[in-house]
Amino acid sequence: MKNLFKLFSIIIIIIASNSYSFAAEKVKYLKTDWSFKGLFGKFDRASLQRGYQVYTEVCASCHSMKYLSYRNLSEPGGPEFSEAQAKAIAASFEVTDGPNSDGEMFTRPGKLSDKFVMPYDNVKAAQAANGGAYPPDMSVLVKARGGGVDYIYSLLQGYEEAPSNISLDDGVYYNKYMYGNKIRMAAPLLDGLVEYGDGTNATVEQMSKDVTTFLMWSAEPHLESRHQMGFKAIVYLIILTILVYFSMKKIWSRVESEV
Amino acid sequence: MSDHDYRPKSKVGQWFNDRLPLLTLANHLTDYPTPKNLNYWWTFGGILTFCLITQIVTGLTLAMHYIAHADMAFESVEHIMRDVNYGWLIRYIHANGASMFFLAVYIHIFRSLFYGSYKSPREIIWILGIIIYLLMMAAAFMGYVLPWGQMSFWGATVITNLFSAIPLVGEGIVTWLWGGYSVDNPTLTRFFTLHYLIPFLILGLVVLHIWALHVPGNNNPVGIDIKKPSKDTVPFHPYIVIKDGFALLMFMIVFAFFVFYAPNILGHADNYIEANPMVTPAHIVPEWYLLPFYAILRSVPDKLLGVVAMLSAILILAVLPWLDTSKIRSAVFRPLYKQFYWILVADVLILGYVGAMPAEGLYLLIARVATAYYFLHFLVILPVLGFKEKTLPVPLSITEPVLGGSPNLAAARNKESKIE
Amino acid sequence: MSEKKTKRRDFLFTATTAVGAVGAAAVVWPMIDQMNPDASVKALASTEVDVSALTPGNTLTVLWRGKPVFIRRRTQEEIDEARKVNMEDLIHPEKDEDRAKNPEWLVMLGVCTHLGCVPLNDKGDYNGWFCPCHGSHYDTSGRIRKGPAPLNMEVPKYEFVNANTIKIG
């Protein structure tokens, strides 16, 4: 058993040292209590629904979310809008479909099976409309940034007056959490920008938290089932390990040797 | 071994076994005499078999949904993560499984280094193992390209460009590898094909690896030859099976923790950005398990020599049985070797660390020293140590461990030959 | 005493094996289920068809769940022919009234129930459909009348959303 502990502590040290070596970030991100962290972490449904509102009303004018479908909005583990609500949301978007029997493309109201409508037809169009900078697709954005949710949450609140020693070009803004501190996106949020249906006060901090929660879900739509299954799997493995350990002791008791 | 005498009890069994002796094989595997003093470091062979099977099964199922096309690969991975039933689970097992596989293989290799398992008569087992390790690296590298994220693309670009270091034909080889003038769709499809093929090559080599193991039998912590079967051995089933099973379950708990609670911690965030040939990520690093070799590559200022150094670092292991001149296998009885062994472990960990850091300033200096020491260990320390080292007395058998006034080595040999 | 010990040991081994087997089975399921239709496929389970341009005596073929669906606007003769058939003459007895709620419109999967080929329109001995693969004849209600197919062509779940639009699925 002693050896075993040694073994596992070495494994953990190796892993820890490796993961730390990647965490080369020096900036301290703003912290908040994310409901989805931890062994039993779950999303806050109300926050997800508010986050979706912030996304559609604010972000969606520039940022696509091309891997999401409207049906996802009513699926378990997500914002869990009712199916009727999700249908209504989908129908409020014009979707290009076709070609029809005349060979022409046409538009129709969106359906649950449609992907989120994109603000621009392609990357080039997005760049042209944004002074050459491509507003990244937001579907997996949280996983595509080193600091994850904390980074996005901080960035949204990180706009400041540039220090006097930094000169900014036109269309470039100062953000203390952005890599290199220069960002092509103007501060997207300001207090009261959206009006929450549930009466929550739409402060920049609140909106940042809601939309970041929404982005976490969009990047990891199965996070809740992952946590639930993980807990069951690990409990199961521990039980089986204990059973196997005692079986092993019994079997090895036949030989005069230490296991 | 008593294999030849084995007769199945039933008539049907005898009839079948005379035509295809599978039952003899099964009997051999269950009765296989194993040293009873094997410690938990010996359970990693079984764990590695589990890793290989896990990777093959999850890989096959992923291949049913993955699309190997530059325009669709990234999207198809997202499709797996979002829509395919349990797709996220299968992909996370496969992605983290690669890391777990390497974690286990490194422990397996360093166990062998500590207990001298590579020495006569087990050189072929060792060399087969090194080939398996090389193929694992190739499979892991190509597998990492498949999601077609930024790290996939730029990792592929950097690693394939290593071949351009070869004089005269280098550029031609790189173009041939790419099937174009850059890493692109033809590269992706061929990498997918090879990534699918290699695990089966590994599987075949694993069979040979185990076959070669079953000829001399297992080495053991004491490192002495043992008679089999004898009171020093136990049958593989149930003794070793249950012990391997126990260790495997402990390993699976660690594995499950990564899959369910930190599935992306060992990966790189940039790989969730779709490949873009116009923009290189700020900091290209390979997966953690390749970092020591990456550090060696970068520590040499010359392009060709860097590649040569990196390859030699791996291939030097293949000739290790002849570089180590010591007659004693286990480090338990080699006080000096034991210290150098731990220095080597530290050296490789340091190489891994600096491999993840930018190649500049102090990091580069450390990488150079560590690289030099790595080669020094194998090329100078090991050969010399075999002649100079004063080893401790080795016991006669596992059941007679040396305590107090034990016989010295010469006496022990004498006694052993008399018994025979 | 020793007997008791043996029993406990047996129980331990049985429990270990049983718990292990449950886990193994639980692991197998995701590997099987991943081959079932995924969430995006299930979401496409219904499709809407505009039938305003279809004139009597013609068939529109649309793709639904990767299979052709025949939408036939039947003439009065076809309806009469389908309705007067004696149930005893049918291999798979089904009333035309049950297959086509609105007699003018026949909606069915255009897949032969023998081995899955697509039958040809307006062919065969019964003025309905004829499967070229192995010679199955279907009548004007899509019912099997002659040949190796065992069943009538399947009527999927469908509804008229409005006078011109049929929603299949």
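The values are calculated or read from the model by the stated rules, or taken from the named source; none is laboratory data. Please read all numbers here as calculations on a predicted model, not as lab measurements. Cβ: placed from backbone, ideal geometry, glycine included. Neighbour counts: every protein chain shown. Accessible surface areas use protein heavy atoms only, side chains included; no ligands, DNA or RNA. Shrake-Rupley method; radii C 1.70, N 1.55, O 1.52, S 1.80 Å.
Results, tabulated for the structure shown:
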item: Approximate spin-label separation B:LEU208-B:ILE265, in nm, with each point projected 7 Å along Cα-to-Cβ; result: 3.8 nm
item: Convex hull per residue volume in Å³, alpha carbons only, for segment A:163-207; result: 94 Å³
item: Note, ³J(HN,Hα) from phi for segment B:200-215, Karplus 6.51, -1.76, 1.60, rounded to Hz, x at Gly and Pro; result: 6, 5, 4, 4, x, 5, 5, 4, 5, 4, 6, 4, 5, 5, 6, 6
item: Rounded D (µm²/s) - chain B, Kirkwood Rh over Cα pairs, Stokes-Einstein at 20 °C, 1.002 mPa s; result: 90 µm²/s
item: Global size of segment B:252-360 as Cα Rg and Dmax, reported in angstrom; result: 18.5, 57
item: Peptide B:247-257 - average C-beta neighbours from other chains (10 Å radius); result: 6
item: For A:TYR67, residues with placed amide H under 5 Å, excluding near neighbours; result: A:SER139
item: Rounded tilt (10° steps) of B:73-82 against the dominant C-alpha axis of chain B; result: 70 degrees
item: Pairwise centroid distance, computed over Cα atoms, of segment B:310-386 with segment A:125-146, Å; result: 45 Å
item: Reciprocal of mean inverse Cα separation for the protein assembly as shown (Kirkwood radius, Å); result: 32.2 Å
item: Average Cα contact separation per residue, segment B:81-202, under 8 Å, 6 or more apart, as relative contact order %; result: 21 percent
item: Segment B:76-209: Rg to Rh, with Rh as the Kirkwood radius over Cα pairs; result: 1.04
item: Mean Cβ count within 10 Å, highest first, over the residues of peptides A:42-50, B:356-364; result: A:42-50, B:356-364
item: Rg/Rg_ref, segment B:136-255, where Rg_ref = 2.2 N^0.38 Å and atoms are Cα; result: 1.60
item: Accessible area of the protein assembly as shown belonging to carbon and sulfur atoms, whole % at 1.4 Å probe; result: 63 percent
item: Computed log₁₀ I(q)/I(0) - Debye formula, equal Cα scatterers, no solvent, segment B:278-334, q 0.20, 0.22, 0.31 Å⁻¹; result: -0.86, -0.92, -1.15
item: Segment B:231-312: C-alpha pair distances exceeding 22 Å, %; result: 60 percent
item: Helical mean residue ellipticity (222 nm; -39500 (n - 2.57) per DSSP H run of 4+; nearest 500) of chain C; result: -9000 deg cm²/dmol
item: Principal axis dimensions, segment B:341-382 - Cα atoms, whole angstrom, descending; result: 31, 15, 10
item: Isolated Cys in the protein assembly as shown, by beta carbon distance under 4.7 Å; result: A:CYS59, A:CYS62, B:CYS51
item: Where the Cα pairs of segment A:151-259 fall when distances are cut into 5 Å bins, in %; result: 2, 10, 12, 11, 11, 9, 8, 6, 5, 5, 5, 5, 4, 4, 3, 1, 0
item: Projected-area mean, segment B:309-402, by convex hull of Cα positions, square nanometres; result: 7.2 nm²
item: Cα→Cβ-extended label distance, 7 Å offset, between A:SER92 and C:GLU104, nm; result: 3.9 nm
item: Ellipticity estimate at 222 nm from DSSP helix runs (n ≥ 4, -39,500 (n - 2.57)) divided over chain B, nearest 500; result: -20000 deg cm²/dmol
item: Of A:LYS182/B:LYS303; B:LYS227/B:LYS390; C:LYS42/C:LYS101, pairs whose Cα-Cα distance is over 32 Å; result: A:LYS182/B:LYS303
item: Probe 1.4 Å, protein heavy atoms only - accessible area per residue of chain B in square angstrom; result: 45 Å²
item: Peptides B:386-395, C:20-29, A:217-226 ordered by average Cβ neighbours within 10 Å, highest first; result: A:217-226, B:386-395, C:20-29
item: Inter-chain shielding of A:73-80 (mean C-beta neighbours from other protein chains, 10 Å cut-off); result: 0
item: Between segment B:149-173 and segment A:58-79, the alpha-carbon center distance in angstrom; result: 38 Å
item: Within chain A, helix-based [θ] at 222 nm, where runs of 4 or more DSSP H residues each add -39,500 (n - 2.57), nearest 500; result: -13500 deg cm²/dmol
item: Square roots of five times the Cα gyration tensor eigenvalues for segment C:71-157, Å; result: 18, 13, 12
item: q = 0.13, 0.17, 0.20 Å⁻¹, segment B:60-129: log10 I(q)/I(0) [Debye, one scatterer per Cα]; result: -0.57, -0.69, -0.79
item: Interchain or long-range residues, amide H under 5 Å from C:LYS146's placed H; result: C:HIS137
item: Where N is the number of residues in segment B:11-102, Cα Rg divided by 2.2 N^0.38 Å; result: 1.65
item: Exceeding the 32 Å Cα-Cα cut-off - candidates A:LYS37/A:LYS87; A:LYS249/B:LYS388; A:LYS37/A:LYS250; B:LYS228/B:LYS327; A:LYS232/B:LYS9; result: A:LYS249/B:LYS388; A:LYS37/A:LYS250; A:LYS232/B:LYS9
item: Simple Cβ-charge dipole of chain A, Lys/Arg +1 and Asp/Glu -1, about Cα centre, in debye nearest 20; result: 1480 debye
item: Pairs of Cα atoms farther than 32 Å apart, chain A, %; result: 40 percent
item: Accessible area in square angstrom per residue, segment A:144-187, 1.4 angstrom probe; result: 56 Å²
item: Note, ³J(HN,Hα) from phi for segment A:102-114, Karplus 6.51, -1.76, 1.60, rounded to Hz, x at Gly and Pro; result: 8, x, 10, 7, 9, 10, 8, x, x, 10, 4, 6, 6
item: Charge context of C:VAL111, other residues only, Cβ under 10 angstrom, K/R +1, D/E -1; result: 0
item: Shielding by partners - mean other protein chain Cβ count within 10 Å, residues of A:143-153; result: 3
item: Volume of the Cα convex hull of chain C, divided per residue and given in Å³; result: 191 Å³
item: Mean Cβ neighbour count within 10 Å, used as a protection proxy, ranking A:78-88, C:139-149, B:215-225 highest first; result: C:139-149, B:215-225, A:78-88
item: Whole-Hz couplings from phi, Karplus 6.51/-1.76/1.60, listed for segment B:115-127; x for Gly and Pro; result: 9, x, 5, 7, 7, 3, x, 10, 5, 5, 4, 5, 5
